[in-house]
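The values are calculated or read from the model by the stated rules, or taken from the named source; none is laboratory data. Please read all numbers here as calculations on a predicted model, not as lab measurements. Glycine also receives a Cβ, built like all others from the backbone with ideal geometry; neighbour counts cover every protein chain displayed.
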Amino acid sequence: MAPSKNAVELMALLVDEAYGELTSRIFTILLRRGRLPIRLLSMHTLLTPRQLRHGLAVLIQQGLVYHNLEVDTGTTFYEANDDAAYGLARAGKIMDVAENRFGPAARDVVHKLFLLGHCSVSDLVTAYESKNKDHANGNAEGSSTITNDVNGQSVSPVDSIGQLHSVLIQLLDSGFVEPVVRSMFHSPEDTHSMIERQILQESFGGSTKGAKQKDELKLKIKNRMNAIRAEREWKGNAKKRPLNGEHINGINGTNKRRRLSNGSSTVSGDPLIEDDGSRLDPTLVIHINYEKCNVALRNEALVAFAKERIGEITSLIFAQGLAILEKKIPRCRINPSIDKVVDLPDGPGFTTKELTTVLSKAVNPGTGIGKASSGEVNTRALERLESRKHKSEEVKIEGDVSMGDGPDEEPTINGHTHLSDIEDDDDPFEEGDKSNPAKRRKLVTFQAESSGDRENRLELVKKHLMLLATDDAKFLRRTGNNGYGEWTCDFETLVAKMQESEVDALLLENFGISGHRLARMLRRLGKLDEKTMVDTAKLKPKDIRTKLAEMQMAGVIDIQEVPRDSNRTTNRTIFLWFFDEARAATMVTEHTYKAMSRILQRLDIERRRAHDVLALTKRSDVRDFDPEVYLDANQLNDFRAIDAKIDNLLCQIGRLDGLIGLFQEF
Amino acid sequence: MAGRGRGRGGAGAGAGAGQLKGATWEYDASIQLESKPADLFPKHPNLRKPAPITTKERREIDNFKKLQDQIHRGPLYTQPTKRDPNAPAKTFGEEQFNKQFGTNSKANMDPFHGVETYSMRYAPKQRTLPKLSDQPFNKTLFPEELWSTLEGEEGQEVRNHLNRAMERKEAMLASMKAAENGAGSGAGNGADNGADKGAGADASAKTKILLEKIHKVAGDEDNEELEEEQDAEDVDDAYEDEDLGEDYNAEGYFDDGEDDQEDEADGGDENY
C-alpha cells in the first residue's frame, strides 16, 4: 500500500529531523516516485550522483531504503521503506520499552543500534570500547565533568564487553533485535517477484496454465517466503543458560515499576544483567526489529486500556499475562502474502498457574477486586469455555452490549487517559467494594504466609483474569481448564474495541453528546433515515439535521440515496445516513499524520526562533555540560522556555503516535 | 469579480462619467463609512491545554532527544542548505521543491554572518555530505555501485584528479621559470648588470616560493578528508582537464571562451 500524501510529508520530515536534509530529499523523491535507479533519482532531485551515493549509503545503513539489483539490466533500484521511516518517531518509546524489560544497559545498547543502523557485533564492541576510553579520558582531564546524560550518570550503563554480549543475547532472544541478512534489503515486492520467477522457472517451465496451477504457484510462493522469513529468525545460542530470560524478565519488571513510583532514581549501581560468559559471533550483523517492538508497544497500550477500564492491579496481572504471550508473537499483524492464514483454534495462551508463578511478589492480587455476595455474581457463565467459532457473532453481540451501558462509561480523551486515577474508577465491582468495607479490609490484610497462601494467590489471580474476560472489551478468553484455567487474548477484537473507544472519544470531543450519540446509534443500527433517528435519539429534528450535516462535512458520516422510482426526484428518494468505521479510522490516521507533520514543522520554527540560545548549547566545547553551568540567567531562562516547548511538542508527537499505532500497526 | 465587471459596464452604459452604480463623487456629509476593523479569525472552538507530561513520557522524550542529539553530532547527519528557511513549507511540484535548496553554498553565503569569525570556532561543523569514513560499514549489504563511495575510492579518484591538475600547473610553472631564466641571462649582457641580476634572482626566488606553496597545497589536499575536497571537486566538475589547461593559456583564453560555455552547458545537461 502506497503511503498517503500526509504520510509522505510526515516521513520526509522525520528523516529530515534525524539524518538531515540530503537524506530527506532523496527519501522524499523515493516515496513519491516509487523505486528508482540513481540516474533517475539524480534527475528528480537535482543532486549530483556523488551526493546521491553518499545519501543512499546513509539511508541503507539506517535501513530506510531497500535496494535491489536487477540482473537483466544491471541497474540497481532503490525503494523507500516507510515502516522504518515511521519507526524513527518511535525511537524514544522503543528505548523505554527496552529499559523496562532489560534494564538501562539494554536501553543503551538499543540507543547505539539506533545510532549506528545495522552493524556487526564487533563494530558495536569497538564503539563501546572507544566510548569507555573517552569516558576514562574525560574523567582524567577534569574531575568536575558533568555529563548531560539523561540519568545524570557519567559512566555508560554497559561496563564490560561481556555484559554487552549478554544484553545483546537477551535482546536477540526477545526479538527486539534481529540478525540482518541480505534478503532483508529487498523490498517485499521485489522478494515476491523474485521468488515467483524462480518457482515459475523451476516447477512450471516458465508460465502457468489455468486457475489450478495459479493457486499452486501462490501456495508455493507463500511457502517459500515463509521459509525465507523463518531463516532470518534468531535461533538462540547454545551456550545460553536455560530459563535465564524468563527469570530476569520478572525481576526487571518489578524493578521498573518500583522505579516508576520513586521517580527517576535509576539503579545504575547494580547492573541487572551480568556477564554470563556467553559470546556472540563477532561477524553477526544485527539491527532493531520494529515489528517485535510494536508487539511490546501494543501490550503497553492494552495494559493502559485495561487499567483505565478495570483497575491498576488487574492491569498489572494482565501485563504479566501479555508478557508471557509476547514471546510467542513475532509481529502484530499477520501478512496475508507470507503467513498461512489457517484458522487456528486458539492463539498462543497461558495458564493461571504459569502466570502466578512469574507474577512478581510486589503485585498483591488480593486488592483491586471487591467482593459481592455470591448471589449477585453469576460465575457459572464465566466458567463456560468460549470457542472461537462464534467469533463473528460475538463481535456483533459485543457491539450491542457496549451500546447498552454506554452512558455510564464516558470514554476519556486521548492524553487525559493517563491522568485517570485508579482510585476513582467507576467500575461496578469497585462499587460493591465500597459497600463492603469490612470484607475489603479482610482481603487487604490477607498477607500472612500461611500454607494456603499459594492456593489463595492462584484463586485471586484467577479472579482478576475472569474479570478481564468478562469485561466488554474481552481482554482475555478462556480456552481450557488446565492449570487453573487457560487463557488467550484475541488481539484483533480487542484492538478493534480500543479503536472504537478512541473514535468515540474523538466524536464526543468534536461533535458533543448528541453527535456522539447519533454516531453510536448509526454504528449499532446500521443505515437509518432521519425520521427513525429522531425517534430513536430523542432529539429535535432541527438539531439532528444540523448535527448530521456538520458531521457529514467533517466526513465522519455520509448519506446514501435510495430512489424509490427511476426518476430520482428528491421527494421520491430515501436518504439513509450511515457511519463507516473503517472510514472513520482512516480519517483519524490521516489527520494524525497531518498533525504530526505540523508539529514537526512547528518544532523547526521554534528552534529557529530560539536559534541564538540553542547554538550556544551546541558549541563543541560546552555541549557535554549542563546548560546551567555556563549560561547566564537570561540565556538560561530562554533555554528553559525553548526546552519546555520542544518537550511539549515531542510529547504531543508521542501521544499522536499512540493513535497511529492503534489504528495502523496493532 | 463578476459583480465588479457588471458594475463598470452599467456605469458606462448609464448616467455617464463620474458615477458608479449610484455612487457619486459629490460630497455627502451624512455618509457613514464602516471603519470598524475586520473581525479576527474566530477562536478555535476546541482548544484545551494538553495533559501534563507523565514520567513515562518524560523518559521517552529524554531518550528521543538524546538519540537525536547524538545522531546530529555523528557523521551521518547533513546540515540544511535551504536558501530561505522562512519560506512556506508547502511546495507544489518537484521543481519548486528542489529550488528551495541551495546547491552552491558559497554563492548563497550571507555576507553579514557567513564570514567565519573567531567566536565561531566551537560551532558544530556544517556538513553537506555525510562523512562515511567515520562509521563502520558492512560492504556486502550494500549494492555494488555504492562500494566505491563507502570505501572512499571515489575520494581517491578526486585526489588523483587534483594531483594531476597540480602536476600540470607545476610543469607549466617550471617551463615559465625556464623561460624567465633564459630571459634573465639574456638581459644580464646589458649595461645595468648588477640591478638586472638582482631582478632575475628575485623572479626565480618568487617562482620557487610559489612552487613550494603549490606543493604544500597538494600535500595538504592529500591529508584532507573527503568532504573538504567536495568543493574542489564541484568546481572541477565544470572544467574538464583540458579546460583547466586552457584557463592558464592566456593566448587561447578568449578564443575558446565560447567552446567553454558550450561544454559547461553540456555538463549541466548530463547532471540533470
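Residue by residue, here is whether (1) within 27 Å of the chain's Cα centre (by Cα); (2) more than 8 Å from chain B (Cβ to nearest Cβ); (3) assigned to a helix (DSSP H, G or I) holds:
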| position | (1), (2), (3) |
| --- | --- |
| A:Pro3 | yes, yes, no |
| A:Phe27 | yes, yes, yes |
| A:Leu30 | yes, yes, yes |
| A:His44 | no, no, yes |
| A:Arg50 | no, no, yes |
| A:Ala84 | yes, yes, yes |
| A:Leu88 | yes, yes, yes |
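A Cβ distance below 7 Å, combined with a sequence gap of six or more or placement on separate chains, defines the contacts here; from region B:62-88, residues that are under 26 Å from A:Pro104 (Cα atoms) reach residues that are modelled with pLDDT of 85 or more and assigned to a loop (DSSP other than H, G, I, E, B) in the pairs B:Ile71/B:Tyr77.
Quick test for you: out of A:Leu616, A:Leu650, pick the one residue that is within 13 Å of chain B (Cβ to nearest Cβ), crowded, with 16+ Cβ neighbours inside 10 Å, in contact (Cβ under 8 Å) with a residue 12 or more places away in the chain and within 24 Å of A:Met11 (Cα to Cα).
Values: A:Leu616 fails: within 24 Å of A:Met11 (Cα to Cα).
Unique residue meeting the criteria: A:Leu650.
The residue pairs whose first member lies in region A:112-124 and is facing chain B (nearest Cβ under 7 Å) and under 16 Å from A:Ile161 (Cα atoms), whose second member is hydroxyl-bearing (Ser, Thr, Tyr) and surrounded by fewer than 22 Cβ atoms within 10 Å (Cβ to Cβ), and whose beta carbons are closer than 7 Å, counting only pairs six or more residues apart or on different chains, are A:Ser120/A:Thr283.
Taking region A:575-633 as the region of interest, the helices (runs of 4 or more DSSP H) fully inside it that hold 3 or more residues being modelled with pLDDT of 90 or more are A:581-609. A single entry from A:Phe578, A:Phe625 fulfils the requirement of being among the aromatic types (Phe, Trp, Tyr) and within 14 Å of chain B (Cβ to nearest Cβ): A:Phe625. Scanning region A:56-81 for residues that are more than 7 Å from chain B (Cβ to nearest Cβ), free of Cβ contacts under 8 Å to residues at least 40 places away in the same chain and buried (at least 18 other Cβ atoms within 10 Å of the Cβ) yields one hit, A:Val65.
Restricted to region A:556-574, and to residues there that are part of a helix (DSSP H, G or I) and among the polar types (S, T, N, Q), the residue that is farthest from A:Leu659 (Cα to Cα) is A:Asn571.
So, A:Tyr19, is that one facing chain B (nearest Cβ under 8 Å) and of a type in the set (Phe, Trp, Tyr) or not? In short, yes.
Take the residues of region B:73-101 that are touching a strand residue (DSSP E or B) at 6+ places or on another chain (Cβ under 8 Å) and not in a loop (DSSP other than H, G, I, E, B): which is surrounded by the most Cβ atoms within 10 Å (Cβ to Cβ)? Ranking the candidates gives B:Thr78 first. Quick one: is A:Ile574 touching a Lys or Arg at 6+ places or on another chain (Cβ under 7 Å) and touching a residue at least 40 places away in the same chain (Cβ under 8 Å)? Answer is yes for this residue.
Here is a check on your reading of the model: is B:Lys66 facing another protein chain (nearest Cβ under 10 Å) and of a type outside the set (Asp, Glu)?
On the way: facing another protein chain (nearest Cβ under 10 Å): yes; of a type outside the set (Asp, Glu): yes.
Taking the combined requirement at face value, the residue satisfies it.
Here's the yes/no breakdown for (1) within 11 Å of chain A (Cβ to nearest Cβ); (2) over 14 Å from the mean Cα position of the chain (by Cα):
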| position | (1), (2) |
| --- | --- |
| B:His72 | yes, yes |
| B:Leu76 | yes, yes |
| B:Asp84 | no, no |
| B:Met109 | no, no |
| B:Gly114 | no, no |
| B:Arg121 | yes, yes |
| B:Gln126 | yes, no |
| B:Leu132 | yes, yes |
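Considering only region A:27-55, state which residues are touching a residue at least 40 places away in the same chain (Cβ under 8 Å) and of a type in the set (A, V, I, L, M, F, W, C). Scanning region A:27-55 gives A:Phe27, A:Leu30, A:Leu31, A:Leu36, A:Ile38.
Can you find, within region B:140-154, the residue that is modelled with the highest pLDDT among those that are more than 10 Å from chain A (Cβ to nearest Cβ) and in a helix (DSSP H, G or I)? For region B:140-154, the residue satisfying everything is B:Glu151.
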